[in-house]
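The values are calculated or read from the model by the stated rules, or taken from the named source; none is laboratory data. If you're wondering where the values come from, they're calculated on a predicted model, not measured in any experiment. Note: ideal-geometry Cβ built from the backbone for every residue, glycine included; neighbour counts use all protein chains shown.
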């Protein structure tokens, strides 16, 4: 089968098109004929220097796919064969940038009727994350009707879902992103009440103009670094600050004493470090919401499997809108 393999860490050029052996399912596993593979920023970081996971070389990237089940492990019921599904993969042993991918059955979700496969694939990574972050903010009492919510990286896959979930809950949303295309998406298509471009040095002032000096009740920080740290200063007394993103190179640095003085609740990446048992019901919920038309992941661009390097280049250049998928089937 055709696939993408990384034999050395480095730039996008290390994503090489190769012939790979077909995966064989073991107990509790299935093989999926891949139609779409999700591409996320984290995969570019791993490819560059093994960040966070340090996979053994060579490896096949790709942590999420959509397609049809082809082969079954000996303990998997025959009714699964041929079903249209989305799933996390057994990456890096058999990642999703390939014509076939190995998946643990515990991560496999059947695509609901009426939902197209590309849309469903776009929810595998970001759907559970968005739902968990939203639930946590609602459960803490910060995200409620009329509350102000600041979403950083609002033009990305996760940010677009958070804007929609917050709006559906009756909150008012300031969407922060980089560039006119992403701001237009957030305001014109996703319904954000205000947008700010954090490429501008005065972007915090633009947020204050929108929400007032009291500040915002929830910050969803999907960026980290200096931008995330500046966003903390916009949090109202008693707010919730979720620092779950680090594409800038690191999570936002927030002084715990300053947070305590303002009664700001700090939450980090631990919120979304989900086991398969935790992630699957959240994904199923996101798929159901999408099938009902209440949640719409934004698939901004697709690339053929052979152009995986171009997909990584576009993501690293911050050129992409919403989700990026590889088309495989």
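Summary of values
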{"read-out": "Residues of the stretch 197-229 that turn out to be within 22 Å of residue 136 (Cα to Cα) and touching a helix residue (DSSP H, G or I) at 6+ places or on another chain (Cβ under 6 Å), as a count", "value": "5"}
{"read-out": "Flag for residue 239 being modelled with pLDDT under 95, in contact with a strand residue (DSSP E or B) (Cβ under 6 Å, 6 or more places away or on another chain), over 18 Å from residue 160 (Cβ atoms) and crowded, with 18+ Cβ neighbours inside 10 Å", "value": "no"}
{"read-out": "Residue within the stretch 100-108 that is under 23 Å from residue 60 (Cα atoms), touching a strand residue (DSSP E or B) at 6+ places or on another chain (Cβ under 7 Å), crowded, with 22+ Cβ neighbours inside 10 Å and at pLDDT below 95 present", "value": "no"}
{"read-out": "Cβ pairs under 9 Å, 6+ apart, first in the stretch 196-222 and on the phi > 0 side of the Ramachandran plot, second assigned to a helix (DSSP H, G or I)", "value": "215/207; 215/208"}
{"read-out": "Close pairs (7 angstrom Cβ cut-off, 6 or more residues apart or separate chains): closer than 20 Å to residue 134 by Cβ in the stretch 251-270, surrounded by fewer than 11 Cβ atoms within 10 Å (Cβ to Cβ) anywhere", "value": "266/256"}
{"read-out": "Residues that are buried (at least 21 other Cβ atoms within 10 Å of the Cβ) and under 23 Å from residue 279 (Cα atoms), drawn from the stretch 45-75", "value": "46, 60, 61, 62, 63, 64, 65, 66, 67, 69"}
{"read-out": "Criterion violated by residue 118 - all others in (1) surrounded by fewer than 23 Cβ atoms within 10 Å (Cβ to Cβ); (2) farther than 30 Å from residue 5 by Cα satisfied", "value": "(2)"}
{"read-out": "Considering residues of the stretch 137-156 that are within 22 Å of the chain's Cα centre (by Cα) and assigned to a loop (DSSP other than H, G, I, E, B) only, the residue surrounded by the fewest Cβ atoms within 10 Å (Cβ to Cβ)", "value": "143"}
{"read-out": "Among (1) within 30 Å of residue 247 (Cα to Cα); (2) surrounded by fewer than 22 Cβ atoms within 10 Å (Cβ to Cβ); (3) touching a helix residue (DSSP H, G or I) at 6+ places or on another chain (Cβ under 7 Å), the one test that residue 38 misses", "value": "(2)"}
{"read-out": "Residue check for residue 6: more than 21 Å from residue 108 (Cα to Cα) and free of Cβ contacts under 8 Å to residues at least 40 places away in the same chain", "value": "no"}
{"read-out": "Among the residues listed as 314, 286, 290, 309, the single one being surrounded by fewer than 22 Cβ atoms within 10 Å (Cβ to Cβ), in contact (Cβ under 8 Å) with a residue 24 or more places away in the chain and in a helix (DSSP H, G or I)", "value": "309"}
{"read-out": "Matching residues in the stretch 69-89 - criterion: being under 21 Å from residue 326 (Cβ atoms) and touching a helix residue (DSSP H, G or I) at 6+ places or on another chain (Cβ under 9 Å)", "value": "69, 84, 85, 86, 87, 88, 89"}
{"read-out": "Residue count for the stretch 262-277, restricted to those that are surrounded by fewer than 14 Cβ atoms within 10 Å (Cβ to Cβ) and out of contact with any strand residue (DSSP E or B) (no Cβ under 9 Å at 6 or more places or on another chain)", "value": "4"}
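Yes/no matrix, rows are residues, columns are (1) closer than 14 Å to residue 10 by Cα; (2) within 18 Å of the chain's Cα centre (by Cα):
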{"position": "44", "(1), (2)": "yes, yes"}
{"position": "55", "(1), (2)": "yes, no"}
{"position": "70", "(1), (2)": "no, no"}
{"position": "73", "(1), (2)": "no, no"}
{"position": "84", "(1), (2)": "no, no"}
